[in-house]
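Here is the structure we will look at.
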Amino acid sequence: MKKILFVTSEAHPLIKTGGLADVCGSLPKALAELSNDIKLIIPNYQALKTTGDIRFLCTIRVDNRNVNILETHMPDSHVVVWLVDYPVYYNYPGNPYVDEQGVPWPINAERFALFCRVAVEAAMDRVHQHWKPDIVHCNDWQTGMVPAFLTLEQERPSTVFTIHNMAYQGLFPSSTAAALNIPGRLWNPDGLEFHEMLSFIKGGLIFADYITTVSPTYALEIQTPEFGYGLEGLLDHRKEFLGGIINGIDTDQWNPEKDPYIAQRYTAATLNKKPANKSELQKRLGLPANDLVPLFGLIGRLVEQKGIDLILECLPELITMDLQFVLLGSGDKDFEKQLQKMAQLYPEKIAINIGYDEALAHLIEAGADIFLMPSRFEPCGLNQMYSQRYGTIPIVRKTGGLADTVTDALPETLARHTASGIVFSEASAGSLLEAIKRTLFLYSYPDIWKRMQINAMSKDFSWQRSAEQYMALYESLKGEFKE
Ligand code: ADP
């Protein structure tokens, strides 16, 4: 049994902007089920959705500010949540990181540096709860200062830093370092300085006792210039303390047998019920009702990472084929406009929903036949796992967690009953189109298709195995920082 302080800037269902929240919502629960004593610490954003009681724990003085710590629970769980309450920084409406135009909040460095300092106070039991963790588990750049600040402490807990996406590094002008009172010992090129900028993520990469990323393939990819964004050398240097642990998914929330958001529940044994969800999806999005037409789905942030430009390049050819395409997402305004224009031109084939809609996301996973995920890079990715669990065959690019979780349909994998999707290599519209054509060919053979759906639905994506790997990692740490 370990005492674990889990530090994160988002956790579903409290607040979510992407996969980070799914992981930070479900991994602590899985660790608690393995009898660990775990507390999650998160800023008290205005948009945070808590359900239970909130009680005042204490007020601490940090960096010349009075910060309250409040205590609540994760909804439907025993996981204790500590809320870092400093209204001037966190009582903003909406998204934790950006305003409605997608522009980062101007004081993000101050907001997350304070959050890190408070997490350090909690880690050292200076919040007077008679609770000192063995492990402090930090996630992404918003928490990167925690391992750095902790190296300045005596008898500190061990630290783990998990990279959910290397593309987001928390870089700020170097003048920010002085404004944030970063100690001189941390402010140098072997510390938080990165090409004359202040880098939050470097705090985690340099000072954590162990670094993990969310898939084994991504752990290797980030040691190369293509995916390391200038930090590949540092990661290569620390590779002895770097590993990949694939994310699980919340198998209660994403379960076609029990999903309250879908029109008709089903299992691998009752796949004949799945098409009722396709009909509902077509009806809801104004597409012609048609059982036989292959329906493609896509859910996600509309950014280059997700290969949205590749989809746009393919669309002119796709609309010449007999298929339907449903997309739910938001992001780059230019992508949004181009996609909406295509939907206006071809309303009988394309339905584009700009926005964030949890319920519709579930219906798309259940109603689509095929899920598109042509990401240029993908640390782990969750939707390809949700899709497989819903018998919706994913088309993915061979990168990061997509490569680790989808088995390509090849003669041998079809024969061995392991084929669960379509995998293509090159990040180009041509390769994606080939993959789509290969998928349509397989779709035209109902027996093969059904076998693939059953293969996909039989895979184990639960947190159990991954949580055990994190436990083994925690056990191996001795609290000593090794460079
Ligand atoms: P990332 O973290 O890079 O955004 P992931 O695939 O790891 O990508 O996780 C994305 C999560 O956010 C999934 O749970 C996905 O269903 C959800 N999601 C993304 N965009 C939307 C949206 N527009 N509406 C509903 N859910 C969304």
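The values are calculated or read from the model by the stated rules, or taken from the named source; none is laboratory data. Quick caveat: nothing in here was measured; it's all calculated off a predicted structure. We place every Cβ from the backbone using ideal geometry, glycine too, and count neighbours over all the protein chains shown.
Taking strands (runs of 3 or more DSSP E) as the structural unit, those lying wholly within the stretch 113-221 and holding at least 1 residues that are within 16 Å of the ligand (Cβ to nearest atom), assigned by TED's automatic domain parsing to the domain that holds L57 and touching a Ser or Thr at 6+ places or on another chain (Cβ under 7 Å) correspond to 135-139, 158-163, 210-213. Of the residues making up the stretch 352-371, those that are within 22 Å of I422 (Cβ to Cβ) and not charged (D, E, K, R) number 7.
Evaluating T413 against the criteria (1) assigned to a loop (DSSP other than H, G, I, E, B); (2) without any contact (Cβ under 8 Å) to a residue 24 or more places away in the chain leaves one unmet condition, (1). Of the residues G329, G381, the single one that is buried (at least 23 other Cβ atoms within 10 Å of the Cβ) and either in contact with a Cys (Cβ under 7 Å, 6 or more places away or on another chain) or in contact (Cβ under 8 Å) with a residue 40 or more places away in the chain (or both) is G381. Show me the helices (runs of 4 or more DSSP H) entirely contained within the stretch 224-302 in which 3 or more residues are out of contact with any Ser or Thr (no Cβ under 7 Å at 6 or more places or on another chain) and not assigned by TED's automatic domain parsing to the domain that holds I454. Here the list reads 225-228, 232-237. How about the stretch 402-425: which of its residues are surrounded by fewer than 16 Cβ atoms within 10 Å (Cβ to Cβ) and touching a Lys or Arg at 6+ places or on another chain (Cβ under 8 Å)? Passing the criteria: H417, S425.
Can you tell me which of (1) away from the ligand (no atom under 13 Å from the Cβ); (2) of a type outside the set (S, T, N, Q); (3) surrounded by fewer than 22 Cβ atoms within 10 Å (Cβ to Cβ) is the one L360 doesn't meet? L360 satisfies all of (1) away from the ligand (no atom under 13 Å from the Cβ); (2) of a type outside the set (S, T, N, Q); (3) surrounded by fewer than 22 Cβ atoms within 10 Å (Cβ to Cβ) except (1). Of K39, K49, which residue is basic (K, R), crowded, with 17+ Cβ neighbours inside 10 Å and in contact (Cβ under 8 Å) with a residue 12 or more places away in the chain? Selected residue: K39, the only one of K39, K49 that is basic (K, R), crowded, with 17+ Cβ neighbours inside 10 Å and in contact (Cβ under 8 Å) with a residue 12 or more places away in the chain. Looking only at the stretch 5-20, filter to residues that are under 19 Å from P147 (Cα atoms) and over 13 Å from the mean Cα position of the chain (by Cα); which one of those is farthest from the ligand (Cβ to nearest atom)? By that ranking, first place goes to L5. Within the stretch 285-325, the set of residues being without any contact (Cβ under 8 Å) to a residue 60 or more places away in the chain, in contact with a helix residue (DSSP H, G or I) (Cβ under 6 Å, 6 or more places away or on another chain) and within 16 Å of the ligand (Cβ to nearest atom) comprises L302, I308. Criterion applied to E348, E378, E336 was being part of a helix (DSSP H, G or I) and among the acidic types (D, E), and the one residue passing it is E336.
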